[in-house]
Structure formats: C-alpha cells, structure tokens
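Q: So that we are looking at the same thing, I have put the structure below in structure tokens.
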Amino acid sequence: MEKREELYAGKAKSVFKTDDPDRFVLSFRDDTSAFDGLKVEQLARKGMVNNKFNAFIMQTLQAAGIPTHFEKLLSDNEALVKRLDMLPVECVVRNIAAGSLVKRLGVEEGSNLTPPTYELFLKNDALHDPMINESLAESFAWAKPEQLAKMKTLTYQVNDVLKQLFLDAGMLLVDYKLEFGVFNDGEIYLGDEFSPDGCRLWDKDTREKLDKDRFRQGLGNVVESYELVGRRLGIDFDA
Ligand code: UDP
C-alpha cells in the first residue's frame with residue numbers, strides 16, 4: 001500500500017488517498033478544536049493517543065460484529081481504513097444528560113436517561129450542526145430510510161458494547177457521536193473515529209470529566225486524561 005496525496009483536512013484528522021481506490025489513510029493530528037472551530041490548540045501527543053485509542057475501540061466493535069472502516073494501524077499517527085462515502089449525519093446516543101441537551105432542555109447535568117436517547121444532527125459547521133430528524137434526512141436525501149434504520153441499530157449496538165467496556169474499567173459512557181458511510185459493497189460501515197474527542201466519559205466514582213470537556217471547559221490535562229482512559233482499558237500507548 002502506497003500513501004498518496006492529501007484529499008481532505010478536517011479539524012483533527014487528514015485523509016490521504018492510497019494506490020488502492022477503496023482504501024484511505026487517516027492521519028490523526030495534534031490539532032484540537034471546539035465550538036465549531038472557534039477554539040483551536042495543538043496538544044502534544046494527542047494525534048498518537050487518539051489514533052491508538054480509536055484502533056482499540058474499532059477493533060473491539062468489529063469483534064462484536066459491528067462493521068467499521070478500520071483496517072489496521074500504520075504508524076503512531078496513521079491508520080488504514082476503507083474508503084466510505086460518508087453520510088452527512090451525526091448520530092448521538094446519551095446515557096446521562098450533558099452538553100447541548102442540558103442547554104437545550106434545561107435539564108440537570110448528570111441525570112440518567114432511561115432509555116438512552118438518540119438524536120441526529122446535520123454535519124454542517126456553518127450551520128453549527130443543527131439537530132435534524134429522520135424525516136428531514138429522508139426528504140433532503142442526506143440518507144435513505146433503510147440507511148437511517150441501520151445507523152440507529154448500529155449506534156445502539158455500539159452503546160451496548162462500549163457502555164459495559166468503560167464501566168468494567170471504572171468509567172461512565174455519558175454520550176457519544178458516530179458517523180457512518182457507505183462502502184463499495186453498498187453496506188453501511190462505522191466511519192470517522194471513536195476517541196475522547198467525540199464522547200463524554202466520567203470517572204464512575206468521582207464523576208470527574210475525562211474527555212474533550214476538559215478542553216472545552218479549560219480544565220487542563222486533556223491528553224493526560226485521554227491516555228489515562230486508554231490505559232484503564234489496557235491500551236499500551238508505547239507499543
Ligand atoms: N460531538 C462530537 N462532534 C460534534 C458534536 C458533538 O463529537 O460536532 C459529541 C460530543 O463530544 C458529545 C456528544 O457528541 O460526546 C454529544 O454532544 P452534544 O450534543 O452535547 O454537543 P456539545 O455540547 O458537546 O457540542
């Protein structure tokens with residue numbers, strides 16, 4: 001496999017073409033952004049930590065039967081993935097109220113959500129990722145009904161697997177965002193990444209925030225926290 005030109009640079013990752021038209025290289029950078037790119041900083045080691053964190057989670061999900069784009073780690077900061085046509089929809093499951101839900105509905109941060117909630121957002125920075133629903137997604141052809149159904153099923157399956165995984169390691173999976181795409185076989189695969197940049201994780205006992213809220217809220221020790229979470233899961237960042 002040969003890495004070719006950069007195709008796209010997102011806020012924290014860059015995508016490179018390869019000599020295989022159906023494979024991309026994802027490169028995890030140290031850039032960290034929040035509030036639709038309003039707050040941006042370079043955090044040393046974050047690219048490496050998120051790349052290895054994501055690899056571990058994607059492999060765990062794959063082992064549980066959830067199709068993901070992840071193929072293999074290539075280096076500290078790079079992974080080989082399937083080329084997906086990404087759907088511009090973000091799928092969010094929440095087990096505990098936090099973030100935009102708390103602001104939108106005026107509920108107390110930390111309340112348990114039973115059953116867990118499921119929300120869709122349009123991936124559009126200029127519009128600040130507005131909340132949408134399946135009807136809008138279908139009417140505007142952002143995704144087909146059967147794709148939306150599959151995304152919902154897979155997003156909840158991810159919750160079953162990861163909620164337990166984090167709980168066993170002494171953490172609460174508060175919420176998370178997933179993005180999906182279509183591979184050349186026409187099937188839906190989990191794409192993008194799963195890392196503390198795109199989920200909320202609290203210590204089970206102290207409820208200390210261990211995720212990107214440390215960056216959003218200026219709590220410090222951002223990458224140290226990500227690494228601590230990873231080590232609790234058994235990830236060896238020096239390997
Ligand atoms: N999230 C994300 N990217 C986004 C928006 C949200 O990764 O563009 C994640 C976020 O980290 C959290 C979950 O999705 O784990 C729910 O986010 P929320 O709607 O509360 O929005 P926030 O207040 O975090 O922007």
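Q: Pull out all pairs, ordered by first then second residue, where Cβ-Cβ is under 6 Å, the residues are six or more apart or on different chains, the first lies in region 54-73 and is closer than 17 Å to D197 by Cβ, and the second is among the acidic types (D, E).
A: If the second residue must be among the acidic types (D, E), the pairs left are N54/E193.
Q: Which residues, counting only those in region 109-127, are over 18 Å from the mean Cα position of the chain (by Cα), under 24 Å from D203 (Cα atoms) and open to solvent by 30 Å² or more (accessible area, probe 1.4 Å)?
A: E109, S111, N112, L113, T114, P115
Q: Also, I was wondering about something else. Please work out if L167 is more than 11 Å from the ligand (Cβ to nearest atom), farther than 22 Å from T68 by Cα, within 20 Å of the chain's Cα centre (by Cα) and hydrophobic (A, V, I, L, M, F, W, C).
A: yes
Q: Name the residue that is most open to solvent (accessible area, probe 1.4 Å), counting only residues in region 184-232 that are within 11 Å of the ligand (Cβ to nearest atom) and touching a Pro at 6+ places or on another chain (Cβ under 7 Å).
A: Restricting to residues being within 11 Å of the ligand (Cβ to nearest atom) and touching a Pro at 6+ places or on another chain (Cβ under 7 Å), the top hit is K212.
Q: Going through K163, K150 one at a time, which residue ends up being open to solvent by 50 Å² or more (accessible area, probe 1.4 Å) and under 24 Å from D236 (Cβ atoms)?
A: K163
Q: When both residues are 6+ apart or on different chains and their Cβ atoms are under 9 Å apart, which pairs have a first residue that lies in region 94-108 and is open to solvent by 20 Å² or more (accessible area, probe 1.4 Å), and a second that is within 11 Å of the ligand (Cβ to nearest atom) and small (G, A, S)?
A: Partner pairs satisfying both residue conditions: L105/A97; V107/A97; E108/A97.
Q: Looking at L165, L219, L201, L148, which is the one that is part of a loop (DSSP other than H, G, I, E, B) and aliphatic (A, V, I, L, M)?
A: Just a single option satisfies the conditions, and that option is L219.
Q: Do the conditions hold for A141, that is, is it more than 21 Å from K72 (Cβ to Cβ), without any contact (Cβ under 8 Å) to a residue 24 or more places away in the chain and assigned to a loop (DSSP other than H, G, I, E, B)?
A: yes
Q: Return the only residue of R83, R29, R104, R45 being away from the ligand (no atom under 14 Å from the Cβ) and out of contact with any Phe, Trp or Tyr (no Cβ under 9 Å at 6 or more places or on another chain).
A: R29
The values are calculated or read from the model by the stated rules, or taken from the named source; none is laboratory data. Predicted model only: the values in this text are computed from it and were never measured. When we count neighbours, we look across all protein chains shown, and the Cβ atoms used for this are built from the backbone with ideal geometry, even at glycine. Heads up: the accessible areas ignore ligands, DNA and RNA and are worked out on the full protein's heavy atoms, side chains in. Shrake-Rupley method; radii C 1.70, N 1.55, O 1.52, S 1.80 Å.
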